[in-house]
1. Given the conditions (1) crowded, with 22+ Cβ neighbours inside 10 Å; (2) in a helix (DSSP H, G or I); (3) within 11 Å of chain A (Cβ to nearest Cβ), and given that residue B:400 satisfies all but one, which numbered condition is not satisfied?
2. Scan (1) at the interface with chain B (Cβ under 7 Å from one of its Cβ atoms); (2) under 23 Å from residue B:274 (Cα atoms); (3) not in a helix (DSSP H, G or I) for the single condition residue A:138 breaks and write down its number.
3. Of the residues A:8, A:13, only one is assigned to a loop (DSSP other than H, G, I, E, B), out of contact with any strand residue (DSSP E or B) (no Cβ under 8 Å at 6 or more places or on another chain) and within 11 Å of chain B (Cβ to nearest Cβ); which?
4. Any idea how many residues of the stretch B:107-128 are out of contact with any strand residue (DSSP E or B) (no Cβ under 7 Å at 6 or more places or on another chain) and either without any contact (Cβ under 8 Å) to a residue 24 or more places away in the chain or crowded, with 20+ Cβ neighbours inside 10 Å (or both)?
5. Looking only at the stretch A:174-198, count how many residues are more than 7 Å from chain B (Cβ to nearest Cβ), within 14 Å of residue B:383 (Cα to Cα) and assigned to a helix (DSSP H, G or I).
6. Return yes when residue B:363 is within 17 Å of the chain's Cα centre (by Cα), at the interface with chain A (Cβ under 9 Å from one of its Cβ atoms) and either assigned to a loop (DSSP other than H, G, I, E, B) or closer than 30 Å to residue A:119 by Cα (or both) and no when it is not.
7. In the stretch B:374-397, is there at least one residue being closer than 17 Å to residue B:310 by Cβ, facing chain A (nearest Cβ under 10 Å) and part of a helix (DSSP H, G or I)?
């Protein structure tokens, strides 16, 4: 029953450059730049996508929640259904379930929102995971401490950059997966799967590097709003708009250099 | 972001004042009829009568299914395909109980369930039906004539006709005297006959009717969109199954889907949300439970007993129940519309790839004839970009599962799986830790299954691929030779599964005996693929179904078969004899060895070991003396090479002869292998035996001996597999590397 529905190549003229650059053996940086030239407007829409905003808002409020005396209660106030102080599994499940509830409520289903939701869970898990030697899972106290450490300064900016880097990586993979399989096989750019994976890995790495620029944007943003818990939706929209624009510029700059 | 268009539908003349102009009228009857939707069953007696709520439920499910098939989702080529994929669907429907359906709790249960299944936003407006309570639509179940006293059913299950649901049916009917109501939706004639065949064969298998089919025809015609693959079918299926269960006094419906398929994590970066279908996703199941419970007015459950099984394990369930022969009568393909009766599987869709690899990994390839696939994933070129995308994505995903470093790594790398955890806890009553671990382990095992299957395919076709006899656009070619050059690392599963013996590297041994494929996990109990000796019969006799008949008989007879068995037809006996004759006549052909490097003949130069090479089927399917597979002799020729021959008169020995270490040492000597360079390969040969023993993959006999088959298989891999050039092409270095990959011990040590 696992039916699968793929997307197709975007029907825009500029996509031809992506096809040509991939097929012609252009560098990863050039392919990413061509992708942005062709359909970069889709990435820039992230700032105005209601679900992306909700996801970002929820994620960026978690560090402050971890600083409250009653962490579980603070999470419940944000809508996360946790039984007590959560571990990695409960925290990420509760986060995912809450985003799904919000989407059902706002009726704002979108692919960008889905990409953001998955990127946020990835970010959350990566941030709070820290198993002690010999332990199977991260202790709830460690989860809380690691999250709380992200509530201010560089750590908060790092969290935002990590999230937007992962989001951009997912967006690029999502878009390029519409093209890449046509370039795998004998006499094509990717002779075999391993080469395609290498390309995808480098693409992701470049996106993450480009997203480092978000650290500055997010740091300045936090200083301005003071407390992420108090940020209004317009603040979050502003952060997203500026961040994805900065990432796009960085990716293009990498290609130019 | 622009607001999405709302699609409004007025069902069968229903009216509601909030409907905008331009709403679509859906009419089944009378003037302006534009939709033909029918749920019919010609003749079946369940007795009883449905309540209005159940009838309303089926009506709602039917219209939802129709609307789901009508509204376009785009062709996926927009800059943001999601804008067309997600739809806003508004339905106005007449029901008998608008108060119940309009209640917030019911509406929420309905819309969130459908919303998750389809990734759309659904809105319903219910008005009171203007016809009598027992309206003529839907006619399902209520028109059935009472043809006898109501039967007692032990279970009610949904039977799609796919491999998993048939395995579930077999499992549910394994106890004598069991009566199971198997509810099917017949939306295509192409699969209807197969569903009927499954029930018939199952009755034959059990010797009594235990599965009682209720096949409901659900057809829709009208303004449908051909490119839309509906996501709401599970709702229709559950509604009909629930209604049937209600009629026979049950509060549970079983459905069967392997755990990986039910959670259905994305195979590619763009297959997000409901692009990966969610009919049996834990959240879908839970929400269907909630809705059916509201309709029934009591706790009503929908349960998937296979939630923590891989597809390979589901296939093994069939095998364990002696019903592997049913596999060929199941249809898994997602492209039913283009199916051909004789070739129901396209071979390249998700379901086909998943099924084929699982069947191979389970060692049941013989039961799933490859001619049933229009594209054979093992040897045909993947010419279509979509097929390449799916196949590579599928393998990449499986490979990713093998790289996982525990539960938390799974959480980080596969965040989509988070959606299933809370719901799995609710429907399985298991604690979070257990659900997390089971879900993680499930996917790791799936990764292993895929790797096992690919290794088996490589064992079968790698030689031809290397020699350019297969196009490099086959799946294995696209995966690249490096994948198979070095043994794949196999991580241990955290909760269960094989452990690597101390001192042994985790690696996979791949063996090849011509068309006979054997795969062993060196790190644990042997996972032998079915020896494909019976597949040989097909090739030799050009009788496509002989092997299937034979294996079916073996399965039905509980794993033992005698040539005097009344089930063996004269034709089958003749074919078997022909097979043995042909096998005896041409060893090169029998072992699939090409070239002239192995000599046949009666030379008895040097020492000679007489043996009987039992097929691996002989291990799992013991046969009596009358059936003799291959009987060969391996001897060392005067020029230092090995000769393999078939004796003119079979020995008829039933036990597996054992091979002395001394012989192995000599076989592995550089002289015997014709190596140009030296090296202490005798010790390496010894180490090989130790490696096999430590892996638990051989039986211990008296003294230093091992079943001949293993050594013969292994030898054949050397002769045919490594580099494609037997004997002299083998360098000592490569041989040493081959062994080093299989054992961490130093040469010369034997336990």
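The values are calculated or read from the model by the stated rules, or taken from the named source; none is laboratory data. Not measured: the values here are computed from a predicted model. Here Cβ is always computed from backbone atoms with ideal geometry, including for glycine, and neighbour counts include all displayed protein chains.
1. (1)
2. In the conditions (1) at the interface with chain B (Cβ under 7 Å from one of its Cβ atoms); (2) under 23 Å from residue B:274 (Cα atoms); (3) not in a helix (DSSP H, G or I), residue A:138 misses (2) alone.
3. A:8
4. 7
5. Result for the stretch A:174-198: 1.
6. No: the conditions fail for residue B:363.
7. Taking the stretch B:374-397 and keeping what is closer than 17 Å to residue B:310 by Cβ, we get B:394-395, B:397.
Then keep just the ones that are facing chain A (nearest Cβ under 10 Å); that gives B:394-395.
Pick out the ones that are also part of a helix (DSSP H, G or I) and you get B:394-395.
Yes, there is a match, as at least one residue in the stretch B:374-397 is closer than 17 Å to residue B:310 by Cβ, facing chain A (nearest Cβ under 10 Å) and part of a helix (DSSP H, G or I).
One line per residue, one yes/no per condition, for (1) outside the structural domain of residue A:201 (by TED's automatic domain parsing); (2) within 30 Å of residue B:232 (Cα to Cα):
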site	(1), (2)
A:30	no, no
A:36	no, no
A:39	no, no
A:44	no, no
A:70	yes, no
A:79	yes, yes
A:86	yes, no
